Structures are given as structure tokens and as C-alpha cells.
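Colleague: First the structure, then my questions, so here it is.
The values are calculated or read from the model by the stated rules, or taken from the named source; none is laboratory data. Predicted, not measured: the structure shown is a model, and the values here were computed from it. For neighbour counting, all protein chains shown are included, and Cβ atoms are generated from backbone atoms with ideal geometry for every residue, glycine included. Heavy atoms of the whole protein, side chains included, go into the accessibility calculation; ligands, DNA and RNA do not. Shrake-Rupley method; radii C 1.70, N 1.55, O 1.52, S 1.80 Å.
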Amino acid sequence: MNSLTFKLREKARQILKEGQAEAILAFTEGPTPFKPRLALIKSPEEAERIVWPGFSGLNPLTLWPKIKDIKTAIFATGCISRTLAVLIKEKQLEREEIYVVGVPCPGLLDPQKIPDKPEIKKIDEKEEKIFFETQKETKVFLRRELLRETCLSCRHPSPTLYDEILEGESLTPSKIPFSRVEELEKLSSEERAYWFFEKIVSPCIRCYACRNACPLCYCPQCFVDDSRPQWVGKTRDPIDNLLYHLVRAFHLAGRCVNCGSCEAACPLGLPLQVLNQKLIKEAFENFTYEAGLDLESPLLFDTYDEKDPDDFIVTAKRKTGG
Amino acid sequence: MRWVLPRKDLESWLVFLNRDENLIVPDGSQGFLKYQGKVFLEGKPRLSIKEFFLPWREPLLSFEAIPGVIPTPCLPTGKKIIFGVLPCDAKAITLIARVYEKDLHFQERLRNTVLIGVIRKKEESCFCTAMGVDPFKGEGLDILVLPKDDILLIEPLTPRGKELLPEGAREASTEEENLYNEAMESFRKTAFVSPLWEKLKKTELLPLYEAPFWEELSFPCLNCGVCTYLCPTCYCFDVQDEVVGAKGIRVRLPDSCMFLLYSQHASGHNPRKTPLARFRNRFMHKFKYYLDEYGEPLCVGCGRCNDACPAGINLWDILKAMGEV
């Protein structure tokens, strides 16, 4: 068994016995090794179902609105704890409502990165190695070969907020957090527009998996669902698709914690997180701001300083300068 | 009678089919596009052929906001040939066609689209036979192609299919006919129709609707539209007016029962307000309401929903629970 799975089960049993929480929101064994499934675990016996998510990039806090009137514990990696901090600061939940078990994160894996996916019966993770058991053989991959793009760009793999923390080693913080964005920034504006249309705008089918998988997309009524007034068309018209993705990205500016749940949820594997990473980069470079690192500092949009850069305001001079 | 074409001549057949530049093929693992010299027949394209019958944007009529001006209906024009169709996808179109029996736009597209199916290797996610689908029957198809080693075994199923046989094809020899029959027999030997259908037809509606399992099974669901949009049988739609100034076009587009807005009434009331209610409706529609109405489940077992669900939900967990009521 995966050593993290073992640790999570042990901790879950302990929490449910000792009563720090009445339930645990955790991934459990799913229909296939690639598809662990979130569940609310309520008894020490049920804790045997818990698994380390491995190939699921879904942020469990996206199901938080479904949990009511029960003190719940959660296993929080770096990005999950940051999500929690943003939700608490945005008054979506109270710190006391949730018991947080920090998990130093070794990084999650991308099923799309497995070369010629064989029919896999079992997956095991042991530190830096990932084992795939097929009917005939066991294949071994290195963790870093299969890491998700968002995990490769993660600056905070260790939890920033917790009641207790599991022992273990986390991924080395990324030295190239914005590499995907920087690649695009090298292109001309025409080339960037082409990239955006080809990679995201045209193929998107508007299933809203990215929005629904995002724990910070919690508006009771999303702007795309408004009908009076209707802000955006509902077909796959490129302009409407573009508007949807841009507005969603901007709505997460200074809030997105780079968990990549949106990208993991996309049924077409579109590189959606790149849009958010661009705004994470802007917030970082202009305001040295990173979302969800603590509970005390104000939200990005709650602050104002006279020294804040204002060169993003398009002036006639900047317009002609391109 | 079946026909044989060497596999190396596939391209010239595709060029022949594309003589009116209206050939659609699976062009990669994502879905079907206009033929541009590439054809993907190895795996299951993520999107089905549903979009050629229920398009992402179907203009229904154009209108002007002037009193007394009668709207002009729009009808889809042009013929299409789709090559490389999965037999389960074609079967799905026949299931939708029953509901859209009197729909002008759907029927017009059905009349003007030729479907050429290609049997693929069964994947781990496939379960068409459990749903009572037999790919070798070729329901909804005009031609069925079985690739076998370096030849394509071709079976025309309709008169218009016969007209599109490749020029270079020859009649299959007895040996080649046997190759086809053997492949069919060995597939059918392992086929197993789920006994759930007969049982569910007899299950009472209300106990099923009120069963306690919905709460646990719907918990992980994000209520996104992945399953419904990828599903080759989900046919629900939305109607929108695209208006500029005084002129407008009324369009039909896919909708998903997973969305809150789907069941929102103009009054503000929403009969399926909870995520559970929306989740339940999707499965009740497929495996009870449609089943009761037409005698078959509204599912062809392509497995796309299970493959793509971001929450790891598997249809069989729900089906098994429904079968136990």
C-alpha cells in the first residue's frame, strides 16, 4: 500500500475515535486506480476506504458547500490549506468549523503523462517511484516524469495552515513557477491570441467542469447563468467562450492558489491553469502578493498603497508602444 | 454480401467519399472534424457524433422585432458523410431519433447524413453489450467496416450505403466472409446483456425516486456538464435568442440537466434545486423514464462519462443501487 494512504487512514481512525472531528472529507477508492472519489467518512471502520489521491487533481474543498452541520476534518496539502485560508478570509467558512491535518505534498500525478496507457490494475507510489501493475508486468516511472504541470510550478507544497501535521517530505518548491506563462509571454500578441484560440477558446465545450471543480468559484449565481441581463452568450461561439474564460480568470485574480483543479477536471485536457498562472504572476510581481499564505494579511483587493504600480493603466503612450 | 478493400486503399476511398468536400472523420482523440487527410481509428474519440445531429448551435428561425413581421424558419442545408463512426454512437442517434421523431431540424439532418461505422477494439471502459447494443448489427449505420489485418471487410446496410462502396472493392471470398463471421461470433459469445433492464422495468417509480442511496452516490458529483455533453445519447437542449438591434436569430444549443439553470422557472421556482435532485434526474431519465417509454435504456455503453468524470463517478455504482430497489 502507498505509505501516504497508510498514514491518512491511521490519522483518520484516530481523529474519529478521539473526536477532533465527526467526519472526514477525503478521497476514497474509486472505480479505477485513476479515479479516486471524494466521500464523507464518518466511522473508524470506513476510514479503510481512504486513499492518497495520486492521480486525482480535484480540490476536495470544492465540495465544501455540501457539508452542513458536521465538524469535518480535511487532509490539506499546500494548495488545499491555501484554499482554506482564502475561503476563511472571504468569510465562506469559519476556522473552527474545520479540523485541518496538514500533509507535506509529494506532488500529484497527471494521467495524461503516462505513455501509451496500458490496462492498469493497480498503482502504487513509493517516494520517488510510481509502480503500475498490469496483467503481465510492473512498470516503474519516476514521480517527476508524471507530475502535473501545476505541481511542477508549485511554490508552496507544504501546508501553510493546520491543526496538526503529518510527518513526511514534500516536493521541492518550484524554481520555475511561471515557466508556462513565460513561454507564452515570449510570443507576439498575434501568436498569443492564436494560442489562446487554438488551445482553449475553440475546443472548449462549455461544460463548466473547470468552474464547478474550483473551490473558489462559489458564487451562488455565476455570471454565465444570469439571464436578465445576459452577460454572455451560451453557445460555443468563440467570443462567448473567450469571455467566459477571461472573466473566470480575472475573477480569480489574487485569489487562485494554483491547485489546478480546473485543469484536472477539464474533459478535453485544455491548459486552463495557464490563464490563472498569468494573473498569479501579475499579483506576485506587482504586489508581491500570494493568495492564502496566512489568515492575517488582507486580501489583495482589500489593500491600497500609494506606491502600488499603476503602469497597467493603459495610457495613450503605452497604447502606441504596444 | 460483403466487400473487401485492402487497407492501403483506405485513403483513396476517403478521397472518393470527400468528393463534395463534406466528409467528416475522427481526426484525433478529441472528436470528429472535416477530413483533412488524417483519420483516427484506433481509440474512442472523446466527443461523439451527436453534434452533427444536435449541433452546438442550431438556428431555428430568424426574426425582426417589428409588429406583423412573421419569423422565417431556418433549416439545416447540405449533405454530410461521416466516416469512422463508432457503432454505439450510431445506435445512440437512433435512440435520440425516437424522441425527435417530429423535429424538423433533427430529421432533416438525419436524412442528409450518411454514417459509415468502423468497429474498433473493445476498450476497458466499453460496456455496450450490457446495454443491449450489438455493434455488428450496425443500427443507424449505412455501412459497417470491420478492419481485419491488412484488409477492410465492408458491409453495406442501406441502399445509400451501397452507392458509396469504394471503387476498388471486390466481393468477399467465402474465406473472408468467414473471417467476418468469426469475429462477430467470438464477440457475441462474450456479450452479456445486463438483466437489470427487465428488473427496472418492473420496479415501481416512487421507491426508486425516494431511495436513500441517492444521497451518498450524488455526494461527490460537481454538477458540471461533462457527462451530459460527452454522452452520445443525452439530448436536452436550451433555446436562446441572439439579438442585435431589432434583428435576431433563435438558436437551439445543448443544455445539461446537471445545471441549476436547466430547471429554473421564469417565476423563480426551481423544481430541481438541490444537486441531489439534478443528479437523480439524469439517471432516472436514462434508466427509468426512457426505459419505461421506449423499452430500452438511454445509454449505449460507450463509457465516456466514466472515463471523463472529474469526480470519479461511475455509472455502474448507480445502476447497481437502482437494481437493488
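Colleague: When the helices in chain B are scored as -39500 (n - 2.57) per DSSP H run of 4 or longer and the sum is shared across all residues, what 222 nm value do you end up with, to the nearest 500 deg cm²/dmol? Before the final figure, lay out each step's value.
Modeller: On the way: 13 runs with 102 residues, N = 325.
Value at 222 nm, helices only: -8500 deg cm²/dmol.
Colleague: Related question: Grab the other residues whose beta carbon is less than 11 angstrom from that of A:Ala85, score K and R as +1, D and E as -1, and report the net. Intermediate values should be presented prior to the final figure.
Modeller: Working: positive: A:Arg82, A:Lys89, A:Arg95, A:Arg255; negative: A:Glu90, A:Glu290, A:Asp294, A:Glu296.
Summing Lys/Arg as +1 and Asp/Glu as -1 gives 0.
Colleague: Which whole number gives the average count of other chain Cβ atoms within 10 Å of the Cβ atoms across peptide A:227-235?
Modeller: Working: counts 4, 1, 0, 3, 0, 0, 5, 10, 11.
Across the residues of A:227-235, the mean count of other-chain Cβ atoms within 10 Å is 4.
Colleague: Of the options B:Phe283, B:Phe213, B:Trp316, report the single residue whose Cα projects farthest towards the positive end of the charge dipole of the range B:196-323 (beta-carbon charges: Lys, Arg +1; Asp, Glu -1).
Modeller: Highest projection toward the positive end goes to B:Phe283.
Colleague: Working with all protein chains in place, sort A:Ile280, B:Ile249 by solvent-accessible area computed with a 1.4 Å probe, largest first.
Modeller: Details: A:Ile280 30, B:Ile249 60 Å².
The residues order as B:Ile249, A:Ile280, largest area first.
Colleague: Still on this structure, I have one more. Using the basic label-point model (7 angstrom from Cα toward the beta carbon), what is the B:Glu108 to B:Asp20 distance in nanometres?
Modeller: The two pseudo-label positions are separated by 1.5 nm.
Colleague: Please get the size of the charge dipole for chain A, origin at its Cα centre, with Cβ charges of +1 on Lys and Arg and -1 on Asp and Glu, quoted in debye to the nearest 20.
Modeller: Dipole about the Cα centre, nearest 20: 820 debye.
Colleague: Please state the charge dipole magnitude for the protein assembly as shown, taken about the Cα centre, from unit charges on C-beta atoms (+1 on K and R, -1 on D and E), reported in debye and rounded to the nearest 20. Can you show the working numbers first?
Modeller: Values: 88 positive and 93 negative charges, 152 e Å.
About 720 debye.
Colleague: Take the alpha carbon atoms of the range B:85-148, find their center, do the same for the range B:200-277, and report the distance between the two centers in whole angstrom.
Modeller: 24 Å
Colleague: A further question on this structure: So if I place +1 on the C-beta of Lys and Arg and -1 on the C-beta of Asp and Glu, and nothing else carries charge, what would the dipole magnitude of chain B be about its Cα centre? I want it in debye, nearest 20.
Modeller: Details: 42 positive and 44 negative charges, 107 e Å.
That gives chain B a dipole magnitude of about 520 debye.
Colleague: Moving on. How high is the FRET efficiency from A:Glu96 to A:Phe287, r the C-beta distance, R0 35 Å, rounded to 0.05? Write out the running numbers ahead of the final one.
Modeller: Numbers: r = 30 Å, r/R0 = 0.86.
Approximately 0.70, to the nearest 0.05.
Colleague: I need the shape label for the protein assembly as shown. Rule: rounded when a/c is under 1.5, else prolate if a/b > b/c, else oblate, with a, b, c from the alpha carbon gyration tensor.
Modeller: Details: a/c = 1.61, a/b = 1.36, b/c = 1.18.
Note, shape of the protein assembly as shown comes out prolate.
Colleague: Just from its helices, what would the mean residue ellipticity at 222 nm be for chain A, if runs of 4 or more DSSP H residues each count -39500 (n - 2.57) and the sum is divided by every residue, rounded to the nearest 500 deg cm²/dmol?
Modeller: -8000 deg cm²/dmol
Colleague: Kindly state, as a whole number, the per residue volume in cubic angstrom of the convex hull around the alpha carbon atoms of chain A. Could you put the intermediate results ahead of the total?
Modeller: Numbers: hull volume 51.3 nm³, N = 322.
Convex hull of Cα atoms, per residue: 159 Å³.
Colleague: Residues of A:261-273, mean number of Cβ from any other protein chain within 10 Å of their own Cβ, rounded to a whole number?
Modeller: Details: counts 2, 1, 0, 1, 7, 4, 15, 8, 4, 0, 0, 0, 0.
For peptide A:261-273, the averaged partner shielding equals 3.
Colleague: What would the Debye equation give as log₁₀ I(q)/I(0) for chain B at q = 0.09, 0.11 Å⁻¹, counting only Cα atoms as equal point scatterers?
Modeller: -0.54, -0.78
Colleague: Using every pair of alpha-carbon atoms in the range A:12-167, split the distances into 5 Å bins beginning at 0 and state the percent of pairs per bin, rounded to integers.
Modeller: Over the range A:12-167, the share of Cα pairs per 5 Å bin runs 2, 9, 17, 21, 20, 14, 10, 6, 2, 0, 0 percent.
Colleague: For the range B:91-144, just the Cα atoms, rotate onto the principal axes and tell me the three extents in Å, largest first.
Modeller: 37, 21, 16
Colleague: On to the next question. Might you tell me the accessible area per residue for the protein assembly as shown, computed with a 1.4 Å probe and given in Å²?
Modeller: Numbers: 31340 Å² over 647 residues.
Roughly 48 Å² per residue, with all protein chains present.
Colleague: In vacuo Debye scattering of the range A:223-304, one point per C-alpha: log10 I(q)/I(0) at q = 0.20, 0.26 Å⁻¹?
Modeller: Each listed q corresponds, in turn, to -0.97, -1.23.
Colleague: Please compute, for peptide A:199-211, the average count of beta-carbon atoms on other protein chains lying within 10 Å of each residue's beta-carbon.
Modeller: Values: counts 0, 0, 0, 0, 4, 0, 10, 6, 13, 9, 11, 2, 2.
For this peptide, the per-residue mean of nearby foreign Cβ atoms is 4.
Colleague: Quick check: convex hull of the Cα atoms in the range B:196-323, volume per residue, rounded to a whole Å³?
Modeller: 132 Å³
Colleague: Could you pull out the trypsin sites (Lys or Arg not before Pro) across the range A:31-112 that fall in loop regions by DSSP (anything but H, G, I, E, B) with no more than 14 other Cβ atoms inside 10 Å?
Modeller: On the way: sites: A:Arg37, A:Lys42, A:Arg49, A:Lys66, A:Lys68, A:Lys71, A:Arg82, A:Lys89, A:Lys91, A:Arg95; in loops: A:Lys42, A:Lys68, A:Lys71, A:Lys91.
Answer by residue number: A:Lys68, A:Lys71, A:Lys91.
Colleague: How much space per residue, in cubic angstrom, does the convex hull of the C-alpha atoms of the range A:99-231 take up? Before the final figure, lay out the partial values.
Modeller: On the way: hull volume 25.7 nm³, N = 133.
Per-residue hull volume (Cα only) is 193 Å³.
Colleague: Among A:Lys278/B:Lys247; A:Lys66/A:Lys139; A:Lys42/B:Lys320; A:Lys89/A:Lys186; A:Lys199/B:Lys286, which pairs are too far apart, with a Cα-Cα distance over 30 Å? Please list the in-between numbers first.
Modeller: Details: A:Lys278/B:Lys247 39 Å; A:Lys66/A:Lys139 39 Å; A:Lys42/B:Lys320 23 Å; A:Lys89/A:Lys186 35 Å; A:Lys199/B:Lys286 33 Å.
Over 30 Å apart, Cα to Cα: A:Lys278/B:Lys247; A:Lys66/A:Lys139; A:Lys89/A:Lys186; A:Lys199/B:Lys286.
Colleague: Report, largest value first, the span of the C-alpha coordinates of the range A:180-322 along each principal axis, in whole Å.
Modeller: 43, 41, 33
Colleague: Quick one: plug the Kirkwood hydrodynamic radius of the range A:1-84 (C-alpha pairs) into Stokes-Einstein at 10 °C, 1.306 mPa s, and report D in µm²/s. Display every interim value, and only then the final one.
Modeller: Values: Rh = 12.9 Å.
The calculation lands on 123 µm²/s.
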